[in-house]
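Reviewing the structure listed below.
What follows is calculated from the coordinates using simple rules that are stated; it is not laboratory data. Bear in mind the structure is a predicted one, so any value in this text is a computation, not a measurement. A quick note on method: Cβ atoms are made from the backbone with ideal geometry, for glycine too, and the neighbour counts reach across all protein chains shown.
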Amino acid sequence: MKAPPFAYVRARTLDDAFELLDKHGEGAKLLAGGQSLIAALNLRLSSPDILIDISRIPELKGIAVAGGKVHIGALTTHAEIERSADIAAHVPLLAQAAPHIAHAAIRNAGTLGGSIATADPSAEWPACCVALDAELVIATKAGSRRVKARDFFKGVYATDLRSDEVLTGVDFPARGADHVSAFLELTLRRGDYAIVGVAAFAKKASGALTGVRLAYLGAGETPILALSAMAAAEAGRPAADVAAALAADLRPAPDLYTTAATKLHLARVLTGRALAALAA
Amino acid sequence: MDPTVETTMTVNGSAVTRRIPARQHLIDFLREDLGLTGSHTGCEHGVCGACTIRVDGRIVRGCLMLAVQADGRRVDTIEGLSDSGELAELQRAFHRRNALQCGFCTPGMLIAAQDLVLHQPGATREQIREHLSGNYCRCTGYQSIVDAIEDVLAARRK
């Protein structure tokens, strides 16, 4: 199908973007990499009056490592994250997750900020942000604020972002030498939307895991930090008990192919594999 | 009236300037305004890969990019990449291995395959399949396409 008519304007700077948002109000939508938005427009699931193209704003690009943190600009593409030596060294979970995002041609265009602001519950980056306790940086004309990833995602395609705000980047804690991570997901075909997946992170000292964090995608309306399963892991319970505890954490919805019970089962299988990968 | 935007891009080495409706995606522009019908309009929501082209040297979905977003960019289509000879080896291998029947997916398949030749020349059969998972073929069953690409990668390694 073809997109409905809309106007298009390119923001040169962040201030430019705020001005355009102010001027066009609720009828405006921000265009970053467009890999979700243009598909939605072509399917006529969205019909904005105007697209504000922020994709060329230089201050929203790039990866910077400083002071124990890794800041990734919102417009950094999935492919740039996948190829970055800084990411592989300091936030390896993101390097592990990136190859699972759609296909190479989409990873070359889609952006970190676009994926997070879209808030698809089966997307990879939101779950990684929650697992790593990342902080989202959100700006308006008046200034900027920071929101923890676990407080940002409110529902299916729903976030804490207001219509006059722009997500400018994400701060990830740089990994310590004793941290380990794993990313696993199940799909019908490589690159399809995940049926269910897990982003896992922990501290490993002399073979023992502590501070295990498990965040799931495709297991509810938002990425879910599995607090019951994490408590079981922290108490040193065997992997089977950690997986069993997931029943209290996850709320998977059935889709055309997979029932909720099957998704919960698959999440448990992935949990066992993730814990084994962290301990390996 | 559709809002239009004056846009200049380089298509297969030549500069093109047009007023383009904001809502028109790049593949429709290439096909309908420039007559470059080698890039195919398939699903129009980023799933099938028939519209795979190169923008600034990297493969993208042409249906998920507005033509106005290509302003100032370098766009390469199957026509340009065929004429330059860049795809000749892959094209020969596809022919030899019978890696196409109806041909609808072939331009996208070739451009996606060339991305592998350029950036992941050591790819295994499994990695070739992973890389092509976003390009649908409804005729061949993929086996012969993977064979053709494997041939080219192997010949390059010699």
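Per residue, how much space in cubic angstrom lies within the convex hull of the C-alpha atoms of segment B:84-134?
Values: hull volume 4.4 nm³, N = 51.
Cα-based convex hull of segment B:84-134, divided per residue, equals 87 Å³.
Quick one: 3J(HN,Hα) in Hz for segment A:35-44, Karplus 6.51/-1.76/1.60 with θ = phi - 60°, rounded, Gly and Pro as x.
With the stated coefficients, segment A:35-44 comes to 6, 9, 5, 5, 4, 5, 5, 4, 8, 6 Hz.
Using the Cα centre of chain B as the reference point, and only Cβ charges (+1 on K/R, -1 on D/E), how large is the resulting charge dipole? Debye, rounded to the nearest 20.
Numbers: 18 positive and 19 negative charges, 76 e Å.
Roughly 360 debye, rounded to the nearest 20.
Which translational diffusion coefficient, to the nearest whole µm²/s, is obtained for segment A:162-245 from the Stokes-Einstein equation, given a Kirkwood hydrodynamic radius over C-alpha pairs, 25 °C and 0.890 mPa s? Don't jump to the answer; show the numbers that get you there.
Details: Rh = 14.8 Å.
Value of D from the Cα-based Kirkwood radius: 165 µm²/s.
Take each complete run of DSSP H in chain A, measure how far its Cα atoms stretch along the helix's own axis, and keep only those covering 18 Å or more with mean Kyte-Doolittle hydropathy at least -1.0; list them. Could you put the intermediate results ahead of the total?
On the way: long enough: A:260-279 (28 Å, 0.90).
Passing helices, by number: A:260-279.
Could you list which residues have their amide H under 5 Å from that of A:Val196, counting only those 5 or more apart in sequence or on another chain, with H placed in the peptide plane?
The answer is A:Leu186.
Across peptide B:124-134, what mean number of C-beta atoms from other chains lies inside 10 Å of a residue's C-beta?
Working: counts 0, 0, 1, 0, 0, 2, 6, 5, 4, 8, 10.
Whole-number average of other-chain Cβ neighbours for B:124-134 is 3.
Could you tally up the Lys pairs in the protein assembly as shown with alpha carbons closer than 18 Å? Skip any pair fewer than 8 positions apart unless they're on separate chains. Don't skip to the end; give the middle numbers.
Details: A:Lys2/A:Lys29; A:Lys23/A:Lys141; A:Lys29/A:Lys141; A:Lys61/A:Lys69; A:Lys69/A:Lys148; A:Lys69/A:Lys203.
Going through the protein assembly as shown pair by pair, I get 6.
Within chain A, what's the longest stretch lacking trypsin sites (Lys or Arg not before Pro) that sit in DSSP loops with no more than 15 other Cβ atoms inside 10 Å? Show your work: numbers first, answer last.
On the way: sites that count: A:Lys2, A:Arg12, A:Arg44, A:Arg56, A:Lys141, A:Arg162, A:Arg189.
So the longest stretch without any such site is A:190-280.
So, how do all the Cα-to-Cα distances of segment A:141-280 break down into 5 Å bins, in percent, from 0 on up?
2, 9, 18, 20, 17, 15, 10, 6, 2, 1, 0
Which percent, nearest 5, of DSSP beta bridges in the protein assembly as shown are antiparallel? Before the final figure, lay out each step's value.
Working: 56 of 66 bridges.
About 85 percent, rounded to the nearest 5.
Between A:Leu188 and B:Ser84, what FRET efficiency comes out of the Förster formula 1/(1 + (r/R0)^6) with R0 = 41 Å and r the beta carbon distance, rounded to 0.05? All intermediate terms of the calculation are to be shown ahead of the outcome.
Details: r = 37 Å, r/R0 = 0.90.
Efficiency, rounded to the nearest 0.05: 0.65.
Relative to the longest principal axis of the C-alpha atoms of chain B, give the angle of the C-alpha long axis of helix B:143-157, reported between 0 and 90° and rounded to the nearest 10°.
For B:143-157 against chain B, the angle is about 80 degrees.
Could you line up A:Ser228, A:Ser206 from fewest to most neighbouring Cβ atoms inside 10 Å? Each step should come with its number before you reach the end.
Numbers: A:Ser228 16, A:Ser206 5.
Listed from fewest to most nearby Cβ atoms, that is A:Ser206, A:Ser228.
Using a Förster radius of 51 Å, what is the FRET efficiency between B:Asp2 and A:Lys204 based on their Cβ-Cβ separation? Nearest 0.05, please.
On the way: r = 57 Å, r/R0 = 1.13.
The pair B:Asp2/A:Lys204 has a calculated efficiency of 0.35.
Could you give me the percent of Cα pairs per 20 Å distance bin for the protein assembly as shown, shortest bin first, beginning at zero and ending with the bin that holds the maximum distance?
25, 55, 20, 0
Run the simple label-point estimate for B:Glu126 and A:Tyr157 please: 7 Å along Cα→C-beta, distance reported in nm.
Taking the two extended label points, one gets 3.7 nm.
For segment A:133-149, take each phi angle, set θ = phi - 60°, evaluate the Karplus expression 6.51 cos²θ - 1.76 cosθ + 1.60, and give the result in whole Hz per residue in order, putting x for glycine and proline.
Values per residue, Gly and Pro as x: 6, 6, 10, 8, 9, 10, 10, 10, 4, 6, x, 10, 9, 10, 10, 5, 4 Hz.
Residues of segment B:1-31 with backbone nitrogen within less than 20 Å of a virtual label 7 Å along the Cα-to-Cβ line of A:Lys2, please, listed as ranges.
Answer for this model: B:1-7, B:18-31.
So, R0 is 22 Å and r is the distance between the beta-carbons of A:Ser47 and A:Asp22; what FRET efficiency does that work out to, to 0.05?
Details: r = 21 Å, r/R0 = 0.96.
The pair A:Ser47/A:Asp22 has a calculated efficiency of 0.55.
Which ³J(HN,Hα) values, rounded to whole Hz and listed in residue order, are derived for segment B:60-74 from phi using the Karplus coefficients 6.51, -1.76 and 1.60 in 6.51 cos²θ - 1.76 cosθ + 1.60 with θ = phi - 60°, glycine and proline given as x?
After applying 6.51 cos²θ - 1.76 cosθ + 1.60, I find 9, 7, x, 7, 9, 9, 6, 4, 5, 6, 7, 3, x, 9, 9 Hz.
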